[in-house]
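Inspection log for the structure reproduced underneath, given as structure tokens.
The values are calculated or read from the model by the stated rules, or taken from the named source; none is laboratory data. If you're wondering where the values come from, they're calculated on a predicted model, not measured in any experiment. Note that each Cβ is placed from the backbone with ideal geometry, even for glycine, and that neighbours are counted across all protein chains shown. Just so you know, the surface numbers come from the protein's heavy atoms only, side chains and all, with ligands and any DNA or RNA stripped out. Shrake-Rupley method; radii C 1.70, N 1.55, O 1.52, S 1.80 Å.
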Amino acid sequence: MPYHVDILSQSIDALDKEILNEIQWTFPLVPRPFDAIAEKFSISSSDVMARLTALKEVGILRQLSAIFDTRRLGYTSSLVAMEVSHDKLEYVASQINRHPGVSHNYERDHQFNLWFTLAVPPGSDLKTEVDKLSILEGIKNIRMLPTIKLFKIGVKLEMVDEKKHTVSPSEKKKEIKNVEFIPTEYDKAFIRELQKDLKITDRPFLEASKSLGISESDIFEKLKHYENIGVMRRFAAILRHRQVGFTANGMIVWNVPEHKISDVGEKLGSFPQVSHCYQRPTYPDWPYSVFSMIHCKTHNEANLMAKEIQEQIHIDDYKILFSSREFKKTRVEYFVENEFSLQDKIPA
């Protein structure tokens, strides 16, 4: 859907922004969640639903759903970087987008100009899937960059300028219970249902309740259990970054000495402005072991923020790789069978 970022980001009012701030992190797990949101903001539930419906229609609110942890579900995933001939970039991107395990795919301003995430279900081999893609014409080089250690994952775009945090490591890490989780067929059915985009109706969980043959309270109890053991990261709203003005999405890669990786990663993860932070493999010509994501409205803002972070973690060698084009941004559908095949031509 075509859009103008400046128009869309300015078309939402102050209350819209407050509501979006709230539901990006804490969506009420109750039978009538929009009533609970309405009470918090002293408006009617019909007003809340009308606002959220409008935000969906203009493309700002992408999804309301459970956000599950890929690895806890038994999936294997990796960030993949490709160096692609410029004249073949759109072709290669379009073919990669066909893979159901590809959730994010961006052009970045670097020699490795195509970066995507790929997740495969239990029993599948990640390298085999990457090898399927490697035959595409125009690919010069491929780097698999799987997670060695996860320090943080959780995007929250600060919609209210007056509430922006100071750039400092001030967030506490969320504690989860470290218990084994092997999904049963019932777990898989539950996850298939709760990963769907929530409808904006009076009782939006009723449909899942009927489909699964359980009560709404059973749904909430299971979701909270999943959250406690880290299977679900949270139930929340996902926004489209660019439509709300966050067009400078920067992946900051840091060259961190081996003995400092854990300390630096943990500290980076505690910055509210950092949405993702991982340790990833290095290569002879790629010394950057820690990756962190920031989301800003301008490149200048991102560069200043990176500098402020750098001065506090004391790592001098870093780069910011900005996304210049978004080829795909979606959520992986877990435990859903999807076939994948390459095509000779770019899909129409």
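Local charge sum around Leu15 (other residues, Cβ-Cβ under 10 Å, Lys/Arg +1, Asp/Glu -1)? Write down the numbers at each step before the final one.
Values: positive: Lys17, Arg51; negative: Asp13, Asp16, Glu18, Asp47.
Here the charged neighbours net out to -2.
What is the sum of charges, Lys and Arg at +1 and Asp and Glu at -1, for the other residues whose Cβ falls under 10 Å from the Cβ of Thr147?
+3
Averaged per residue, what accessible surface does the chain expose to a 1.4 Å probe, in Å²?
Per-residue accessible area for the chain comes out at 49 Å².
Select from Lys260, Lys329, Lys196 the residue whose mean-square fluctuation is largest in a Gaussian network model of the chain (Cα-Cα springs shorter than 10 Å).
Of Lys260, Lys329, Lys196, the Gaussian network model singles out Lys260 as fluctuating most.
Name the lysines eligible as straight-distance cross-link partners of Lys88: C-alpha to C-alpha under 25 Å, and not fewer than 8 places from it in the same chain.
By straight Cα distance, Lys88 reaches Lys127, Lys132, Lys140, Lys328, Lys329, Lys345.
How much net charge surrounds Val253 when only other residues with a Cβ under 14 Å from its Cβ are counted (Lys, Arg +1; Asp, Glu -1)?
Net charge in that neighbourhood comes out at 0.
Using a Förster radius of 25 Å, what is the FRET efficiency between Ser217 and Glu39 based on their Cβ-Cβ separation? Nearest 0.05, please. Spell out each step's value before the answer.
Values: r = 19 Å, r/R0 = 0.78.
Working from the Cβ atoms, E equals 0.80.
Taking 0.36 nm per residue of separation and subtracting the Cα-Cα distance, what length does fully extending Glu308 through Glu258 add? Could you put the intermediate results ahead of the total?
Working: separation 50, 0.36 × 50 = 18.00 nm, distance 2.24 nm.
The span from Glu308 to Glu258 would gain 15.8 nm if fully extended.
Pulled fully out, how much extra length does the chain show between Asn97 and Ser168, if you take 0.36 nm times their separation in residues and subtract their Cα-Cα distance?
Full extension from Asn97 to Ser168 adds 21.9 nm.
Given (1) 20.5, 63; (2) 20.5, 59; (3) 21.4, 78, which label gives Rg and Dmax of the Cα atoms in Å as computed from the coordinates?
Step by step, Rg and Dmax of the Cα atoms in Å for this structure corresponds to label (2).
If the chain between Trp25 and His225 were fully stretched, how many nm would it gain, using 0.36 nm times the residue separation less the Cα-Cα distance? Spell out each step's value before the answer.
Numbers: separation 200, 0.36 × 200 = 72.00 nm, distance 1.70 nm.
Full extension from Trp25 to His225 adds 70.3 nm.
Rounded to the nearest 500 deg cm²/dmol, what is the calculated helix-only ellipticity per residue at 222 nm for the chain, with -39500 (n - 2.57) per DSSP H run of length n ≥ 4? Kindly include the intermediate steps, with their values, before the conclusion.
Values: 11 runs with 110 residues, N = 348.
Value at 222 nm, helices only: -9500 deg cm²/dmol.
Over the chain, what is the relative contact order in whole percent, taking alpha-carbon pairs under 8 Å and six or more residues apart?
28 percent
Taking GluC sites (Glu not before Pro) as exposed when DSSP calls them loop (any state but H, G, I, E, B) and at most 13 other Cβ atoms lie within 10 Å, what is the longest stretch of the chain free of them, the sites themselves excluded?
Free of exposed loop sites, the longest segment is 181-336.
For Leu114, list long-range residues whose amide hydrogen, built 1.01 Å from N in the peptide plane, is under 5 Å from its own amide hydrogen.
Residues meeting the amide H criterion: Met82, Val84, Arg108.
Heavy atoms only, probe 1.4 Å: what % of the accessible area of the chain goes to carbon and sulfur, would you let me know?
With neighbouring chains kept in place, the figure for the chain is 49 percent.
Take the alpha carbon atoms of region 177-204, find their center, do the same for region 100-116, and report the distance between the two centers in whole angstrom.
Region 177-204 and region 100-116 have Cα centres spaced 28 Å from each other.
What spacing in nm lies between the two simple spin-label points modelled at Ser124 and Glu83, each 7 Å away from Cα in the Cβ direction?
For the pair Ser124/Glu83, the computed spacing is 2.8 nm.
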